[in-house]
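Below is one structure; the comments refer to it alone.
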Amino acid sequence: MINEWWAGNAHERFWMEITNRADLGTNLWAPQIDDSGREYWSYSLVKHVRPGDLVLHWSKQAGPAIVAYSHVTGPSGPSQITWQSRGTYGRKRPPSGEEPGWLAPLSGAQMLRSPVTQERLRELEGQIRQIRADMSGSISGPLYFPYALSDRRPLRAAQGYLTKFPYDLISITPELSELWDLARAEPGESTQQLSQSGERRRLPVRSGRQSDVEVRRAIERHAVETVLALYSKVDYRVEDVGDFESWDITASRGAEEIHIEVKGSAGTREGVDLTDGEVRHAEYHQPTHLVVVDCIDWIRTEAGIKCNGGRIRTWSNWAPARSTLIPTAYRYPLPAPGVAT
C-alpha cells in the first residue's frame, strides 16, 4: 500500500527517476515485482503518476546529477518489460526475461540549463535535511524521499528507481527554478518567491479574491502597453485586439502583419500559461510573436495598482510544439443533475 501523502496538493506533482538509461524522457517503466517476488514501493510508484506531473531524471552516468525533466502525458498502466536489476546484487543476475510491468508515457524532455550534480546537492544538504525533518514531523508513513541521508555517508540518490520529489526541494535549488516556476501560482496569488541566492522569501499576503484579480489585470495591462510601445518605436502600426481576438496585439508595417501574444508577470517566468485558442492560433497563423514581460514591479496606491518596468523577451515566428505543453487544468463537462458519472 503506497502512502499517497501528496494527494490533494496541486504543488506536489514532481517525481525523480534514478536510472542509467540513455533514452531519458521516453517513459517510466518498471516491473510489478522485485527479484524476491514481492511488490517494491519504488516500482509501484509508477502507478501513481498522473498526466501533467513532472519527472526529474537523475542520471548515474552524468556526474551523477539531475540532468533533465519531462512531463507525464497519459495515465500509467500495465505493460511487459525485460528488466535488469541495478546495484551490486543486480549486476550478478541476468536480465529477468519478459515479465509484467508498469508503464507511464513521458514527453517534452528538457535538459536543464545547469545540471544539479551530487556535489551541488551536498552543498545544500543542511536545507535538504531540514525539509525531510519537517515532512517527517507532519506526515505519517513513508515519504519516498529522493535522497539518501546518513550520518556515515554523504548525500546520494535514494536506492530505487522512482521516488517522490517534494515541492520544497524545488524551491531551495536555484538550478531547478524553471520547474518551480511551472508549478507557481499566477501573479498576485503567489506567497513565496525564490531569491537570487536560492532562498525562499515570503511575499506580503494580499488577501481577498478581488485584490488578486486587480493585481493580475494591472500586470497584464502593463505588459500589453509595454509591447505596444516597443513595436510602435520601430514603425509598426499597433492595435490592441485582446478583447475580441485570440491574440493580444496586431502589428502591421506595409504588407507585413504580425500577431503578438503577450504574457506579463511580477516574478521571473520560465513557463507561461496558454489557452487552447492561443496555441491553435499560433499554429495556423504566421508570423506570430510571443512577448513575455516579467519582473514587473507593482505597488498599491489610493488610485489603484501601479506597475513599472519589466524584463522583455521576444520569440519570433512562435508556434509551441504540442509535445512541450504541460497540462495544468482540466475542463469537466457537467452531467445532468442527478446523473452519476
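The values are calculated or read from the model by the stated rules, or taken from the named source; none is laboratory data. Note that the structure is predicted; figures quoted are calculated from it, not measured. Backbone-built Cβ (ideal geometry, glycine too); neighbour counts: all protein chains shown.
Odds and ends about this structure:
- Residue within segment 50-73 that is within 20 Å of I326 (Cβ to Cβ), of a type in the set (S, T, N, Q) and outside any loop (DSSP other than H, G, I, E, B) present: yes
- Members of segment 259-292 found to be out of contact with any helix residue (DSSP H, G or I) (no Cβ under 8 Å at 6 or more places or on another chain), crowded, with 17+ Cβ neighbours inside 10 Å and not hydrophobic (A, V, I, L, M, F, W, C), listed by number: E278, H281, H289
- Considering residues of segment 2-15 that are at pLDDT 90 or above and out of contact with any Lys or Arg (no Cβ under 9 Å at 6 or more places or on another chain) only, the residue surrounded by the most Cβ atoms within 10 Å (Cβ to Cβ): N3
- Residue in segment 149-165 that is free of Cβ contacts under 8 Å to residues at least 12 places away in the same chain, in a helix (DSSP H, G or I) and surrounded by fewer than 18 Cβ atoms within 10 Å (Cβ to Cβ) present: no
- For segment 107-140, the candidate set comprises residues that are modelled with pLDDT under 95 and closer than 29 Å to G77 by Cβ; within that set, the residue that is surrounded by the fewest Cβ atoms within 10 Å (Cβ to Cβ) is M111.
- Hits in segment 293-308 - residues which are surrounded by 21 or more Cβ atoms within 10 Å (Cβ to Cβ), in a loop (DSSP other than H, G, I, E, B) and charged (D, E, K, R): none
- Which listed residue, of R13, R21, is of a type in the set (K, R) and over 15 Å from A109 (Cβ atoms): R13
- Selection status of E245, acidic (D, E), at pLDDT below 95 and either surrounded by 14 or more Cβ atoms within 10 Å (Cβ to Cβ) or within 20 Å of V292 (Cα to Cα) (or both): yes
- Complete set of residues in segment 210-242 that are assigned to a helix (DSSP H, G or I), of a type in the set (V, I, T) and surrounded by fewer than 16 Cβ atoms within 10 Å (Cβ to Cβ): V213
- Among residues of segment 130-142 that are within 19 Å of E4 (Cβ to Cβ) and among the basic types (K, R), none has a beta-carbon under 8 Å from a residue that is loosely packed, with under 13 Cβ neighbours inside 10 Å and at pLDDT 95 or above at least six positions away or on a different chain.
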